[in-house]
Each structure stands twice: as C-alpha cells, then as structure tokens.
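K.L.:
Here's a structure for you.
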Amino acid sequence: MMTRRLLYILMYVVLSLNGLKSETVVRQLIDMGMENVAMAEAGGERFLTWEDNVYRGTSRGLFEVLKQILTADGPAQTVHLVVQEEQIPRIEALLYKENIEGFQNGTLTLEEVMRSVTISANTDKSMAVLKGSKRENRSAGKVDVVLYPQLSLVNAWIDKLYGTVINIAPAIEVSLWKGASFTGQVIFPIWNNMKGQMDYIRPGMLVLRQEMRLPHNLFVELCVGNFNANRMGANLSLSYRLDNDRWAFGLNGGLTGSSTFYGGKWELSKWKKISGEAWIRFSEPHYHLDLEMKGIRCIYGDMGVRADCTRHFGEVSVGLFAMYTGGEANGGFHFAIPLPRSKRSKRRAVRVRLPEYFDMEYEAQTGNSYAVERLGRTYETSPEVNKSRGYYQPDFLKGRLVQMASESKNNK
Amino acid sequence: MKKNKMMVVALAMFLSATLGLGLTGCSNDEPQPEIVENPLDKNLYYIAGVVTSDDDKVLEGVTVVIGDVKATTNANGVYQLSVDKIGAHLVAFAKEGYVSISKNVEIPSNATKNSVVAVNQELTSANAAVSVHPDSDTEIIETKRAVSSLLVPAGAVKEKTDISITEYLEGANNTARASLSTISCTPDGLKFEKPIELKVKNSMSAAIRFADVKHFVEKNGVWVEEGDAPFDAQKNAYLIELNGFSNHSARANSSKKDAGTSMVELNSIEVDNRGNMNAVVKKVTIKQKSGWEIKGDLSSQISAAFSGLSASDIEGLSEALTRSAAQSQGAAAGVKEVEVSLGDAKISGDTKMTVSLQEKQKTTTMSYVLNYQGRDITFNIDVVIYAGVDTKITYEYGEHFTDHSGGGVH
C-alpha cells in the first residue's frame, strides 16, 4: 500500500516534471519569437511544430531550436520537429534521443549531432499527432510592413545607356488563417529616366493567397489579385515533392488581364490571357545544385521551354538560365543575396522590416522583336519570389545545420 | 474573434471586387501603343515670307504660286507654300494693281524635311499711265523714287498712247550684276518709231558714280544684257536707248560672293507622349526671322573707303547701295518675324517627338566697282540674310519601343 502510494507520488512528480518541461520548451520557442507553436507527445517521443518569422532563411531558426532542445533540462526524448510557413508544414527534422544524450554527456559534438539529424519533406505522421494541439503565439492577424527595393536596368535604347527605374515598394503582409495571407503593396517611384507608369505612385501586388497541403507532399496554392508585370487575375499552382525532395514536379496555370497605370489612370482589361507552366526539378545533394526544366506558355501566348541551373551557397543562390520561346532564344543569370538582419524582432501587432533577400535576374534579350511581340513574359504572385526564399530542400538544410554548427564551434 | 470576422469580411469583399473586375473588366483589349504615321515625316519643304508694298505696309491678298500650289497672303502679309522637291522653284507674286514678280527660289540640296526657306517680297503699285502724243516730246518721271525717267520724243509713237513706268524690286535672278534701278514699262512689247531715252539718275554727285553700268532686258523671265548704259556727266545720269518696252534694268559692275552661313539654335518643340498609349495630334508652328540687313554702319564704311567724299554723296551712295541690295533680295532692308505652320504632327503612343530648329543666317559680300576721282575702286558690303530655318525631327520612345536588344536586369 505504502509502496503503491509512493509509486503514484513518484509518477505524478515525473509526469509533472515532463509537463513542466514541455511547457518550458514551448515557452522557450515563444520567447525566441516563434509563432504557431504546438507540442504533443506520443509513443514516448515528442512532436514539436512552429513557424519561424524571426530568423532569416529556412535553416537558422531550425538550428536555434535544435540547440535549445540539446541544452534543455530533463530526460532526453526523440523529437520530431515540424517547421511551418504560413501555418503550412514544410519539413520535418528528426533528432534522436541517443544523439541528444551523446551531446549532453560530451561524447558527440554539435556538428556530429547535426549530421545525425534526418530531414524529410514528409510531415504527414507528425502532423497527425499534432492535430488538435493548441497553437501558442498565433501568427494570424500579425502584420509585417516589408520595404521592398525595386531596381530595373534595361539596355534597349540608344538615347540612354540604361533605362533605369528605382522604386521603393512597401507591402503590408498579413497572416490570416491556415495557409492564407494577404499582401497589399504600393509602389513609390524614387528615380527613373523613363516616362510612363513608372512615374506614378501606383498599386503593386494586391494578392489574396490560399495554400493547402494535402497528404503525400502535395501542395496547392490559389492566388487572386493584382500581380506584377502589369497583370491581374487568378493563379493556381500544384506541386509534389518526394520525401527527400530531390525530385519535385509542378503545374501552374493562370487567367489574367492587364492592370496598367498609363497616364496616371489605373486601367484594367478583362481576364483573357491564359498562361502556365509544367516543371520538374532535380536537386543534386553534394553541390546543392538545382536543375529545373519547364515547359511554359507565357502571358501573350508564346510557348517554349526554360532550363535553370541554380547553386545554393548558404543563403546566397546564383543561377543561369536558358529559354526558348516564341521562336526566340533568351538566357541569363539570376541571384539572390540576403538582406540585413539575420534575426529580426519578434512580431507584435505590426513590424517593419526589409525583405529577407534581394534578388535580380539578368536576361540577354529585352528589345527588338522580343519587346514588340512581348515574348517570354511571365508574372509572379508574391513580391519575394527567388531561389533562396522558402528553400526547404532537406539536403541543403542539413548541410546548413552542419555548417552553422562548425561556425559556432570556431567562434568559441 | 470579432477582429478575425471583420478581417474575413473585408477580404471577402476584396475577393469579390477583384473577381468582379476581372470578369467584367473595363476594356476588352490590353493596352498597346497606338501607331500612327506622322505627316511631318514626309519630304516637304516650305517657302514662306512677308509681302510688303512699296510704302512699307504689309500686303494682304497677294496670290503666291509655285506650279499648281497657290497661297494668299494673310492680314499680316504672310504666305507659306509647301513643295516636295529640292532644287529651284519659280515663285510668282501677283496682285491687281501691282507689278507682278516671278523669281527663282532654291531649296538647297542639303535641306532637311520641313525646313523653311524665307523669301520676302515687295510689290510695287503700278504708277498711273501718262498719255504720249506723236506730235510732242513727253518726259515721264517714275514718281515713287524719281530716279528713272523716260524721254519720249515726238514721232516715237504713231498715235496717242498711254505709257506707265514703275520702278520695282525684282529679287533673286540669274545675273551676277546688281541692279541700280529696275523698271516695268507698259504697255509691254510696245515698239517705237524712233528710240526713246531711259535716264537713270546717279544718286550722288558727278564726283562718284558706279562704273561700267549695263542695260539689261527681261526676256522670258531671264535678264539679258542688251548694251551699255553710258554715264552722262552733264546730266549726272546713266542713259539707255530703248526701241521697245519690256522690263528694263540698269546694272552696276558688281559681283556676289557667299561669305558663309551660320546656324543659330532656336528653342525646340517637344511633344512628349511617352507613357500614354493613345496617339496625339498637335499643331506645330515655328517662328522664324525673315529679311536682311547690311552689316555694320554703311555710311561709316563709305566714309572710310572714300576719303573726302561729301556728306550728301555719302548719303546718296548709301541709299543707292541699300537700294541695290534690296533689288537683289526683292524687299527693302529689315527683319520680320514670321509664323510658319508645319501642320498637324501625329505622335504615336509612348513616343516623344522633338523638332529641333536652326536658323540660317547667310552672309553675302556684294562688291561694287565705283569710279571716284577718275579711279575705279571696288567697295564691298556684307549683307546678312535670314534665310530660313532647318528642322530636324527626332523620336524618343518609352518602354514599349526599343532601339536594340541589349539585355536587362529586373
């Protein structure tokens, strides 16, 4: 009787301590600025999910959370970590109990622990466990005012070296319900040597976005509103990626009309232009090289193919592309570089920040028949679309974790 | 919760508005620059100027003709004609009661499209006729300048004939010699039974005169040397013997030499339609100077060249040289501003048109041989002629048109 009572007391204390530890982990993540934090336990393993709107990039926040878990008090457990974006799970990182214990007792270095982490694009099982868990520090309703710099340089006229347009285009980005967000952007001209729409303060992207993640790594996204490249309309995209995300496939289709600001008047046309693409991507794990091929139908009906080769160097991505559409060849390069700061303030009601990356694409063809026939024209549905933003490829993430662990060791 | 519901409602409204706009839209077509042909790109050249009367007033209602193209001077005496070829064009000025003028006007071979050649012209009202009788001598004095006169001896005409003599300004012509006096004698083609005398007074004293003056007659629009106009020291005049009537001219021993052309930039005309998709139409009008003037103070130049010349001779020679220069230009000295319309320019969408203007100022050196104190002396005057305006049309384009494909970064 006495023994049983003592056993119950002991169990109560242990469970309480675990509960306390669970609450502590969630609290720690919230204190770091993570949003939509939830935790659950099943089969002696811990399941943790969060959305990182504080650290720049896809790897830095994950690294910080892993470090928190490695240095947390209490008995070690295998942890399933699911990273969200716009409340949609993106990847799962698995940290084994033995490796936590190894780090805590000094037999494993941080770098070795990071090497042992397995990352997958498949989050179905973990999210099933986390279903129904209470989300703390919700992102819904939080507003980011993002200051997007815009630069365009075109060499297509003989009376000027470059047709130059410099704008600042702040955008209000609001997280809504799961998978939904709203972007409302205004473009303010700073300087240009051209004449036309670029002289006016005008609407930029005004987009309502709804994304869904279906089982087996299927993603669906619907965007409606005012896009870039003088388009307004609706765009639907479907994508699928393997668990290791070495292969990914996608379809994208849009129905748009023109949205222009000539003469200072906002003029719209009926949505009559159908465009789209079918793409396939292979990620080479050793050099973090993405090879992408797509068949495209551009806005004005020209059809063709485009091939991209992008290499990721940490947070910088550099790539080359070649395109053949409407009987004309084109090609160039693109890059994305990170903008300060690597860690932003936590989100309260409204936060002002720079975009995560500054990206540009150079194309060799801009004039003559390419301009007259409006070949190769496509649009984007978000102000920040580049090869670095939202890049959750597992091999790349793991490489980054190991690199950051190595850098933190060298900095001691 | 309430905040979320409000957000949902607001976004639902946004979605409806966007979809509504998209499905109904404001226009069927996507904006493209409207392309139009600009009439100013045609090969057209203009001849324009002011027509004045001999009493220095502008003349309205003068008919100016080049081939099939006709214009009439407006209330300011301004006319303009367009031609589509470079080279020489015969321009005819006519108004009832005035001596008609025809002269060659050259559109230079290097003239740019829409360039304007300035041509002023003075028309002289015909003098009243004087009756001449076969049985008496009659002297008819040209009343406007009182420089030329006709002496019709008895028997020169068979019957009573009404004769008029009018001095006028002829303008550019085929001869190198500058005219001292050009007269229209009517009835044109009248033949005399015996020669009559045309006397052209020397504006100065006998101490100085134009040397080697010749008599020229206009035949079919061309001035032809007919003979000498010898100087009669007693009468202080050049005497010409006429056997019949036409247009007659006493021309000095002189020559003309081109002393250069300067181009003066004028304000350009811009029509900036960049950023707009619709074509625009704009009337293009330019202002140009028309006329001529003698460079420097002529009296001082004469005084310096001919020392000891009396004040009245200086004045007389100055007046004679100015009149002779006016003969070569077709109008009295003076510069007027003339408005010339190049017509309606049509500028395509997203295009800027610039009309650059350069005023041509030609300097011509006119050399006269004068006999002073028994010696022949060459005296030069520089005449500055406001010869018109050259135009150059250039285009700049907005983002929809490109000159080449040099790549770009976005």
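Just so it is clear, none of the values below were taken in a lab; they were calculated from the coordinates. Everything numeric here is computed off the predicted structure, so don't read it as measured data. Reconstructed Cβ throughout: ideal geometry from the backbone, glycine too, with neighbour counts over all protein chains shown.
K.L.:
Which of the peptides B:207-213, B:128-134, A:94-100 is most tightly packed, and how do the rest follow, going by the mean number of other Cβ atoms within 10 Å of each residue? Show your work: numbers first, answer last.
P.N.:
Numbers: B:207-213: 21.1, B:128-134: 14.7, A:94-100: 18.6.
Per-residue Cβ counts within 10 Å, averaged per peptide and sorted highest first, yield B:207-213, A:94-100, B:128-134.
K.L.:
Here is a further query. Could you give the size of the charge dipole of the protein assembly as shown about its Cα centre, using +1 on the Cβ of each K and R and -1 on the Cβ of each D and E, expressed in debye and rounded to the nearest 20?
P.N.:
On the way: 91 positive and 96 negative charges, 977 e Å.
Dipole magnitude for the protein assembly as shown comes out near 4700 debye.
K.L.:
Then there is this: Please list the three semi-axes, largest first and in whole Å, of the ellipsoid equivalent to region A:167-286, using sqrt of 5 times the eigenvalues of its alpha carbon gyration tensor. Let's see the in-between values first.
P.N.:
On the way: eigenvalues 203, 51, 49 Å².
Values for region A:167-286, descending: 32, 16, 16 Å.
K.L.:
Next question. Provide the FRET efficiency to the nearest 0.05 for the A:Phe313-B:Lys85 pair, computing r from the beta carbons and using R0 = 60 Å.
P.N.:
On the way: r = 68 Å, r/R0 = 1.13.
Efficiency for this residue pair is about 0.30.
K.L.:
Same structure, new question: To the nearest 500 deg cm²/dmol, what mean residue ellipticity at 222 nm is calculated for chain A from DSSP H runs of n ≥ 4 alone, each contributing -39,500 (n - 2.57), summed and divided by the residues?
P.N.:
On the way: 7 runs with 85 residues, N = 412.
Value at 222 nm, helices only, nearest 500: -6500 deg cm²/dmol.
K.L.:
Another question, if that's okay. If the label point is 7 Å along Cα→Cβ of B:Glu319, which residues in region B:142-170 have backbone nitrogen under 14 Å from it?
P.N.:
B:143-148
K.L.:
What residues from region A:248-284 fall in the zone where the backbone N is under 17 Å from a label point 7 Å along the Cα-to-C-beta line of A:Leu238?
P.N.:
The answer is A:248-255, A:275-281, whose backbone nitrogens lie closer than 17 Å to the label point.
K.L.:
Fully extended, how many nm does the chain gain between B:Ser100 and B:Gln32 (0.36 nm per residue separation, minus their Cα-Cα distance)?
P.N.:
Details: separation 68, 0.36 × 68 = 24.48 nm, distance 5.45 nm.
That works out to 19.0 nm of additional length.
K.L.:
Can you list the lysines whose alpha carbon sits under 26 Å from that of A:Lys409, skipping same-chain ones fewer than 8 residues off?
P.N.:
Once the sequence-local lysines are set aside, what remains near A:Lys409 is A:Lys67, A:Lys97, A:Lys343, A:Lys398.
K.L.:
Can you tell me the dipole magnitude for chain B around its Cα centre, using point charges on the Cβ only (Lys, Arg +1; Asp, Glu -1), in Debye to the nearest 20?
P.N.:
Numbers: 40 positive and 52 negative charges, 203 e Å.
Dipole of chain B, to the nearest 20 debye: 980 debye.
K.L.:
Dipole of the protein assembly as shown (Lys/Arg Cβ +1, Asp/Glu Cβ -1, origin at the Cα centre): which of B:Ala207, B:Thr73, B:Asn110 lies farthest to the positive side?
P.N.:
Positive-end residue among those listed: B:Asn110.
K.L.:
Also: Checking the cross-link filter: which lysines have an alpha carbon closer than 16 Å to that of A:Lys265, excluding same-chain neighbours under 8 positions apart?
P.N.:
Within reach: A:Lys195.
K.L.:
If you don't mind, another one. Filter the GluC sites (Glu not before Pro) in region A:48-87 down to the DSSP loop ones having no more than 13 other Cβ atoms within 10 Å, then list what survives.
P.N.:
Sites meeting the loop and neighbour criteria: none at all.
K.L.:
Within 10 Å of each Cβ in peptide A:325-338, how many partner chain Cβ atoms are there on average? Round it to a whole number, please.
P.N.:
Numbers: counts 0, 0, 0, 1, 0, 2, 1, 4, 1, 2, 0, 0, 0, 0.
Neighbouring Cβ atoms belonging to other protein chains average 1 per residue here.
K.L.:
By how many nm would the segment from A:Glu380 to A:Val220 lengthen if fully extended, with 0.36 nm per residue of separation less the alpha-carbon distance?
P.N.:
Details: separation 160, 0.36 × 160 = 57.60 nm, distance 1.59 nm.
Contour length minus the Cα-Cα distance gives 56.0 nm.
K.L.:
Which number comes out as Rg/Rh for region B:299-410 once both Rg and the Kirkwood Rh are worked out on C-alpha atoms?
P.N.:
Details: Rg = 25.7 Å, Rh = 19.2 Å.
Ratio of gyration radius to Kirkwood radius for region B:299-410: 1.33.
K.L.:
Here's something else I'd like to know. What is the extension gain from A:Ala72 to A:Met293, computed as 0.36 nm multiplied by their sequence separation minus the C-alpha to C-alpha distance, in nm to one decimal? Provide the component values of the computation, followed by the final result.
P.N.:
Working: separation 221, 0.36 × 221 = 79.56 nm, distance 4.45 nm.
Full-extension gain reported as 75.1 nm.
K.L.:
Determine, at each q value in 0.14 (inverse angstroms), the log₁₀ of I(q)/I(0) that the Debye formula gives when each Cα of chain B is one equal point scatterer.
P.N.:
Calculated log10 I(q)/I(0) at the listed q: -1.23.
K.L.:
From a point 7 Å beyond the Cα of B:Val58 in the direction of its Cβ, which residues of region B:109-123 have a backbone N at a distance under 17 Å?
P.N.:
Answer for region B:109-123: B:118-123.
K.L.:
Could you let me know the centre-to-centre spacing of region B:351-404 and region A:191-224, using Cα atoms, in angstrom?
P.N.:
Rounded to whole Å, the Cα centres lie 58 Å apart.
K.L.:
Using the charge dipole of chain A (Lys, Arg: +1 at Cβ; Asp, Glu: -1 at Cβ; taken about the Cα centre), state which of A:Tyr148, A:Phe358, A:Ser116 has its Cα farthest towards the positive end.
P.N.:
A:Tyr148
K.L.:
Show me the trypsin sites (Lys or Arg not before Pro) within region B:262-308 that DSSP assigns to loop and that have at most 15 other Cβ atoms within 10 Å of their Cβ. The partial results should precede the final answer.
P.N.:
Values: sites: B:Arg274, B:Lys282, B:Lys283, B:Lys287, B:Lys289, B:Lys295; in loops: B:Arg274, B:Lys295.
Passing both the DSSP loop test and the Cβ count: B:Lys295.
K.L.:
Next question. Along the Cα→Cβ direction, 7 angstrom out, place labels at B:Ser205 and B:Lys282. What is the inter-label distance in nm?
P.N.:
With each label point 7 Å from Cα toward Cβ, the separation is 6.3 nm.
K.L.:
Shifting gears a bit: Any idea what the dipole of chain A comes to, in debye rounded to 20, about its Cα centre with Lys/Arg Cβ at +1 and Asp/Glu Cβ at -1?
P.N.:
On the way: 51 positive and 44 negative charges, 206 e Å.
Here chain A has a charge dipole of around 980 debye.
K.L.:
Could I ask something else about it? Can you check what the net charge comes to around B:Arg251, using other residues whose Cβ is under 10 Å from the Cβ of B:Arg251 (Lys, Arg +1; Asp, Glu -1)?
P.N.:
That works out to 0.
K.L.:
Given contacts defined as C-alpha pairs under 8 Å and at least six residues apart, what's the relative contact order of region B:286-402, whole-number percent? Could you put the intermediate results ahead of the total?
P.N.:
On the way: 168 pairs, mean separation 41.8, N = 117.
Answer for region B:286-402 is 36 percent.
K.L.:
Once the principal axes of the Cα atoms of region A:87-184 are found, what is the range along each, listed largest first in whole angstroms?
P.N.:
Cα spread of region A:87-184 along its principal axes, largest to smallest: 69, 35, 22 Å.
K.L.:
Same structure, new question: For B:Ala311 and B:Thr365, what is the calculated FRET efficiency with R₀ set at 25 Å and r taken between the beta-carbons, to the nearest 0.05? Let's see the in-between values first.
P.N.:
Numbers: r = 26 Å, r/R0 = 1.03.
Given R0 = 25 Å and the Cβ-Cβ separation, E is 0.45.
K.L.:
Which values, in whole Å and largest first, are the semi-axes of the equivalent ellipsoid of the protein assembly as shown obtained as the square root of 5 times each eigenvalue of the Cα gyration tensor?
P.N.:
Details: eigenvalues 1972, 121, 80 Å².
Working through the eigenvalues yields semi-axes of 99, 25, 20 Å.
K.L.:
Separate question: Report relative contact order for chain B in percent, whole number only (criteria: Cα-Cα under 8 Å, sequence separation at least 6).
P.N.:
Working: 999 pairs, mean separation 71.0, N = 410.
Relative contact order, chain B: 17 percent.
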